[in-house]
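Below is one structure; the comments refer to it alone.
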Amino acid sequence: MQLRDVAHLETLTSSAWPALANEYLDGWVLRFAAGYTKRANSVTPMWQGDLPMLQKVAYCEQRYQQQGLPALFKLSPAAQALDDVLLERGYDLIDYCSVQSRSLQAGDFALDVAVQSSDKVSADWFSRFAELNHVPESHQATAWQMLSSYACPTQFATLFHDGKAVACALAVLQFNTVLLYDVVTLAEQRRQGYARRLVSHLLAWSQQQGATKAVLQVVAANHAACALYAQLGFTEEYPYWYRRQSDGAI
């Protein structure tokens, strides 16, 4: 896949998980969100620039150091040259992941009456989200600010069983593409089909809004999630991974 094609999906996924601040550097996007989540606190190469790569890397390292964070780069096979440079500089490889998608056609999915959802983040939904995702208290104000900043259509959804919230997720609609985030189930309620039902509901909602494509990102080592998404018809667009500046990096 070419960098241009990757850039299209990276633009969608970055916009759908908003950082608190963005800085643009000759084809790269530096994202900052007080350290909450890697995707919102990393550098994403979007297109080919003109400045020397080492000069840009050094600048990124300086900018993240000013924020009290290690430099972190979100990379794909289209940015192999940058990956090679970071490897030479002693960066660690972490979290190999997959961007996956599927097309949506009328009748593929149906709404689930056990799902409650809202187009704005609520205190109740956020409390469940923070608990299920183990969001540290020190990051919860940042998470709330990010999740409250959407201008595009969203669904903050929770699946209930016997009156108890058992799973939650977020859907973000941009043009004709819905992006799914943080599909998570209570640990003691897993492997009962709740995540599948919740995702199916959100895909049905997105179809009603005119979406023709669904996109998500999943950690490759999360075999249960990968199996679920395969059953739902998702296939890989491209892999991505992070390179993080180590203490001994140049």
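Readers should treat all values here as calculations from the given coordinates under stated rules, not as data from a laboratory. A quick note: this is a predicted structure, and the numbers were derived from the prediction, not measured. As a convention, Cβ positions derive from the backbone with ideal geometry for all residues, glycine included, and neighbour counts pool all protein chains shown.
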Practice task
First select every other residue whose beta carbon is under 15 angstrom from the beta carbon of Ser101; then total the charges, Lys and Arg +1, Asp and Glu -1.
Solution key: -3
Handout entry: Average Cα contact separation per residue, the chain, under 8 Å, 6 or more apart, as relative contact order %
Key = 27 percent
Handout entry: Ala58-Asp108 pseudo-label distance in nm [points 7 Å out on the Cα-to-Cβ vector]
Key = 4.8 nm
Problem - Of Ser246, Leu180, Trp28, farthest towards positive along the dipole that unit charges on Lys, Arg, Asp, Glu beta carbons give the chain - result: Leu180
Handout entry: DSSP loop trypsin sites (Lys or Arg not before Pro) with at most 14 other Cβ within 10 Å: longest gap in the chain
Key = 1-119
Fill in the blank from the handout: One checks the Cα atoms of the range 105-211 and finds Rg and Dmax, in Å, of 13.5, 43
Practice task
Treat the count of other C-beta atoms within 10 Å as a stand-in for reagent exposure and order Ser127, Ser206 from fewest to most.
Solution key: Ser127, Ser206
Practice task
For the chain, just run the numbers: alpha carbon Rg, then divide by 2.2 N^0.38 Å, N being how many residues it has.
Solution key: 1.03
Completion exercise
Of 111-117, 147-153, ordering from highest average Cβ density within 10 Å down gives 111-117, 147-153
Practice task
Treating only the Cβ atoms of Lys and Arg (+1) and Asp and Glu (-1) as charged, compute the dipole magnitude of the chain about its Cα centre; round to the nearest 20 debye.
Solution key: 320 debye
Completion exercise
Summing -39500 (n - 2.57) over every DSSP H run of at least 4 residues in the chain and dividing by its residue count gives a helix-only mean residue ellipticity at 222 nm, to the nearest 500 deg cm²/dmol, of -10000 deg cm²/dmol
Problem - Listed residues Gly163, Ala19, Ser76: farthest to the positive end of the dipole of the chain (Cβ charges) - result: Gly163
